[in-house]
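Below: one structure, written as structure tokens.
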Amino acid sequence: MTVPDCLNSVKEDMNKPVYRSIFLQAWQTAWGHKKLWFLGVFAGILNTGGVIDVLFTALKRTETVVLGPDLIPGLFRLSIPGAQTLATFAEKTSQTSDARILWTVLILSALGIAVLYLSVACQDALIHAIKHAKPKRKLHLPSLFRHGHHVLAHLFTINILGRLTMTIAIAVAGVLFATVASSDVTKTVLGDIAVLLLFVPATLLVSYLSIFATVEVSLKEKPVFVSIMDAWHVLKRHLLAVSEIAILLFAANMVISGTMILAILLFAVPYLLIFTGTLFLASGPLWVGVTLAGTLGVFLIIVAFMGFSTVFSYAVWVGVYKKFSGRTTILSKIQRLFSN
């Protein structure tokens, strides 16, 4: 084969529609291996795999940044899942005895450490399962937890660095938004636009590097800094393509969320009919049983869809990493449009 033929072959390979294959394979993995939904529920505690939704959440949180002595505690409550609930619980238990407070702190700390460890372990197991998942291949969950503590420590560090960096970005953006606010509407709007031009790229960059570095550590067992640098090199070559996939993934997750709401509504119709019947029967035990069954049903629907969404998102990013980490440069849709 001549050199021009080789170049044409590479160009044709770069212009292949890889997005469709990535999302199709991610869907087959998430739907065909429902055992992974369990891993997705816990892996999503630290990172759901979303990017655009994280951006919207971060933008919303910048509005709650309050200047003054409550800035640091407020950021702590925003950055750590469940911190707001924990703070409220701490305020209520502060009036009890010292011994009860001590036992409460010890129990909650042990539960927090266990949940964090389980979340990191499920992240690693989920990525490993996605890599080896095939349509008719059965996956055994215990065999997926195969990495030592050093890999889990690297994954935990990446998650903490991502959240810490995101918290700093939210704090800086919140302070800048408050600083540029003035009685002049034009100056305020221009100032907000300038802040957004800095905040949005920074937030997307942190999300991209975090998810790619997580995949890198799990698949190749590399140190944190090396994984982040490798993720940066992949992102630098495929920034437009990665951003397009992030938008498509956000749209897909919106569809999944809409389907979850529809499923809850469909479940609620017969439940309300049965619940109304228990009121006419005036049976206390029957009313309690129906109420518990309805609550459990809604909870299971939400957990199932959350697990599926996280598995689907991780499968997309694992597919993106496998496709984009090679030497071939994948053209984005925009690049293909102008190259034609």
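Nothing in this text is a laboratory measurement; each read-out follows from the coordinates by a stated rule. All values derive from a computational prediction rather than experimental measurement. Don't worry about glycine lacking a Cβ; one is built from the backbone with ideal geometry, like all the others, and counts go over all protein chains shown.
The M229 and A282 beta-carbon pair, evaluated with R₀ = 45 Å, returns a calculated FRET efficiency of approximately 0.10. A Förster distance of 51 Å, applied to the separation of the beta-carbon atoms of L102 and I256, puts the FRET efficiency at 0.75. A Förster radius of 22 Å, combined with the Cβ-Cβ distance separating L296 from L265, puts the computed FRET efficiency at roughly 0.80. Between A110 and L190, the modelled labels are 6.0 nm apart [label points 7 Å from Cα along Cα→Cβ].
Distance distribution P(r), segment 192-340, all Cα-Cα pairs, bin width 5 angstrom from 0: 2, 8, 13, 14, 13, 11, 10, 7, 6, 6, 5, 4, 2, 1, 0 percent. Considering only C-alpha atoms, what is the centroid distance from segment 194-222 to segment 140-176, in Å? Measuring centre to centre over Cα atoms gives 11 Å. Straightening the chain between K60 and R146 buys 27.1 nm, computed as 0.36 nm per residue apart minus the Cα-Cα spacing.
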